[in-house]
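A short worksheet on the structure shown next.
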Amino acid sequence: MPDLLNRFIRLLERFRSDERGAFLVIFGVMAIVLVATSGAVVDFTSIEQARTRAQVALDSAALGLQPRIYDRPEPTEDALRVLAQNLLQERMGANDVAWNICAGTGVSVLPCVRVDAAETDVADGTLRLEASMELPMSFVSLVGVESMRARLVAEATRKRINIEVAMVLDNSGSMTASNRMGHLKAAAVCATNILLKGACDPGPASQDIDNVKIGIVPFTEFVNVGTANASASWMDRTGVSKVARDNFDNDDNEGNTFSGPINRFDIYNQMGVSWKGCVEARLPPYDTDDTPPTSAVPATLFAPALAPSEPLGFPNAYIADNAPPSCPQYTRCEWTRTTTYWGYGTSTNSYKKTTTSGIVTTGPNVCNCNNEGYLSDSSYYSGSNLVRVRTCQQGLTDREIQERICKYNGASTSFGNNKGPNFDCPDSSITPLTDARPTLLSRIGSMKADGGTNIHQGVMWGFHMLSPTEPLSSGVNPYDSATSKVMIVMTDGENTHDGFNNMNGSRWYVAYGYPYNERLGEPGDTTAELQVEMDNRTTTTCDNAKARGITIYTIGLSTDETSDEAKVRQMLTDCASSPDKAKFPSDPSELKSVFSDIADELSNLRLAQ
């Protein structure tokens, strides 16, 4: 028995000291760790791939949903979170892998992804999404790690920019052809509705679009800035500018230079006529840029348009050449022709000359009223005789007659060719930038076709409207990346200015006065030369506006490739911000589509990355 016990003890000692097989035991224990460690690389790679895919999907959801923060009514953050969840699951469901929504608490069905929060900041244009994902582990689960989580964050910032649009619209007489004005009105209304309501024909439930303002600039030969601006600080109310004193004189001597001042509003008041609201072009270079007007630089002020009363025989003689007793009297001639038998028999002439001192001389040919100083012409019957009496004032040239300031005081403007001092001023005044849709639609509806075409003045006042400075300062936002300033210029013809062989060098008074005033061209310039200069100033104005960051679209209706029209197309193309922004519809019915396309394009500018 003791031997057996000793043998057992020795066996135990041998077993204790025997190290054979120990490595296998150690390897068996370490194998689990080694496999888990190696597999962790695979698991880590898988989760990183899934995380990258989820991050891309979340970024895409943030970018896609960010514009929704500007919806009206404004969506709740929870609603945005649900939308983001749907987009995230849709994009993560590629390769036939179904991704579940992670449970907020408790056990989730893996793999899963969840948008935990959606935060918005409308002022900054920011949408921030926070999400989490959880994946099952294949290898590290051997050491008790059943799944792993990852956090995701995506943020999209796209600030909503301000949009200011000036519609510069041709109201000239040629717009009556083929119902051009009717089509223009419909097109402008459509564009206004798209920009302010999101649709050409918005329904009653359509929501207003914020941060968009529109202005209207109807133009003919002039632009009507509105009678409410008569007292504006940028108007020349004291007559200190050269423009204000052009075509006026106070000494009946054209050889003397008149230095003014002359307040044109006073002239209107003396005639008892209301200023209609038009202004004349400033002197170069201020007629092509947006230099703010200031009394310190008289040339930057705006003079009210006032077409002078021209001498008898000229196109706009609306006041008698002499308006007694306001003007000093000169030699007056009275010519009387008496024709027997009710104007069909023989005629006899008699003449009477009266000097300023009251001396009267009668006799054959002591004076005549053939060419100058016309005052009146009337006829009446005396028995069977037709008597015609014509009176005139002698001793003044046509220039002196035209420039007499005194003749406006209390004068009747119903004389002769009664186009008057407001000649070619459009009835429709400008509508400064506003988001009041009824106001804009009313102004568009009131437009009517009449008068000449001065694209330059239309573009210039479109420029003023978008400028953050006077004269309008309705473009309250500065020239910067936060505001998109846009001008849409529509015309159906070319700049018009009718040069003429008379003392003024022009058939009509225009925004630059007469060629005689040398504010546009010179006396003797042909119609073609005057119009080329107007084209050049139009292009220069466009260039200055584009240099300020204003985007310009031009629309030339019915401007074909013929000689005269080709230069108009080229001017409008040069004026536009790029050739693709110059549109040339051939038929008035196409205007609505053109305006609609431009408005749709501008609507997309409301958001900027």
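Here are the numbers for this structure:
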| item | result |
| --- | --- |
| Leading residue by the ranking (farthest from the chain's Cα centre (by Cα)) among those in region 209-230 that are open to solvent by less than 10 Å² (accessible area, probe 1.4 Å) and of a type in the set (Val, Ile, Thr) | THR220 |
| Every residue from region 46-72 that is open to solvent by 60 Å² or more (accessible area, probe 1.4 Å) and in a helix (DSSP H, G or I) | GLU48, GLN49, ARG51, THR52, ARG53, VAL56, ASP59, LEU63, ARG68 |
| Residue among ASN517, ASN504 that alone is over 24 Å from ASN171 (Cα atoms), touching a residue at least 24 places away in the same chain (Cβ under 8 Å) and touching a helix residue (DSSP H, G or I) at 6+ places or on another chain (Cβ under 6 Å) | ASN504 |
| Test: residue in region 283-304 that is in contact with a Leu (Cβ under 6 Å, 6 or more places away or on another chain), surrounded by 15 or more Cβ atoms within 10 Å (Cβ to Cβ), hydrophobic (A, V, I, L, M, F, W, C) and modelled with pLDDT of 85 or more | yes |
| Some residue of region 550-560 being in contact with a Phe, Trp or Tyr (Cβ under 8 Å, 6 or more places away or on another chain), open to solvent by 10 Å² or more (accessible area, probe 1.4 Å) and assigned to a loop (DSSP other than H, G, I, E, B) | no |
| Residue within region 149-160 that is among the acidic types (Asp, Glu), outside any loop (DSSP other than H, G, I, E, B), modelled with pLDDT of 90 or more and surrounded by fewer than 17 Cβ atoms within 10 Å (Cβ to Cβ) present | yes |
| Residues within region 427-477 that are open to solvent by 30 Å² or more (accessible area, probe 1.4 Å), touching a Pro at 6+ places or on another chain (Cβ under 8 Å) and polar (S, T, N, Q), tallied | 2 |
| All positions within region 127-148 that are open to solvent by 20 Å² or more (accessible area, probe 1.4 Å) and either of a type in the set (Ser, Thr, Tyr) or within 44 Å of the chain's Cα centre (by Cα) (or both) | ARG128, GLU130, SER138, SER141, SER147 |
| Count of region 572-598 residues which are outside any loop (DSSP other than H, G, I, E, B) and among the hydroxyl-bearing types (Ser, Thr, Tyr) | 4 |
| Criterion (within 13 Å of THR157 (Cα to Cα) and in contact (Cβ under 8 Å) with a residue 24 or more places away in the chain) met by exactly one of LEU127, LEU110, LEU87 | LEU127 |
| So SER309, is it part of a loop (DSSP other than H, G, I, E, B), open to solvent by 70 Å² or more (accessible area, probe 1.4 Å), touching a helix residue (DSSP H, G or I) at 6+ places or on another chain (Cβ under 9 Å) and touching a residue at least 40 places away in the same chain (Cβ under 8 Å) | no |
| Condition met for ILE161 (in contact with an Asp or Glu (Cβ under 7 Å, 6 or more places away or on another chain) and among the aliphatic types (A, V, I, L, M)) | no |
| Residue selected from region 215-255 under the condition out of contact with any helix residue (DSSP H, G or I) (no Cβ under 7 Å at 6 or more places or on another chain) and of a type in the set (Asp, Glu), by the criterion modelled with the lowest pLDDT | ASP251 |
| Restricting region 400-457 to residues that are without any contact (Cβ under 8 Å) to a residue 40 or more places away in the chain and assigned to a helix (DSSP H, G or I), the residue that is farthest from ASP249 (Cα to Cα) | PRO438 |
| Options VAL189, VAL165: the member that is crowded, with 18+ Cβ neighbours inside 10 Å, in contact (Cβ under 8 Å) with a residue 12 or more places away in the chain, in a strand (DSSP E or B) and at negative phi | VAL165 |
| Single residue of GLY255, GLY272 found to be at positive phi, surrounded by fewer than 19 Cβ atoms within 10 Å (Cβ to Cβ) and not acidic (Asp, Glu) | GLY272 |
| Residue, least open to solvent (accessible area, probe 1.4 Å), within region 508-547, restricted to residues that are among the small types (Gly, Ala, Ser) and within 21 Å of LYS485 (Cα to Cα) | ALA545 |
| Some residue of region 388-403 being open to solvent by 50 Å² or more (accessible area, probe 1.4 Å), modelled with pLDDT of 85 or more and in contact with a Ser or Thr (Cβ under 9 Å, 6 or more places away or on another chain) | yes |
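Residue-wise test of (1) in contact (Cβ under 8 Å) with a residue 60 or more places away in the chain; (2) under 15 Å from ARG53 (Cα atoms); (3) open to solvent by less than 70 Å² (accessible area, probe 1.4 Å).
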site	(1), (2), (3)
GLU74	no, no, no
LEU80	no, no, yes
TRP99	no, yes, yes
ALA103	no, no, yes
ALA123	no, no, no
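The values are calculated or read from the model by the stated rules, or taken from the named source; none is laboratory data. Only a predicted model underlies this, so the values are computations on that prediction, with no experimental measurement involved. Note that we place each Cβ from the backbone using ideal geometry, even for glycine, and neighbour counts take in every protein chain shown. Accessible surface areas use protein heavy atoms only, side chains included; no ligands, DNA or RNA. Shrake-Rupley method; radii C 1.70, N 1.55, O 1.52, S 1.80 Å.
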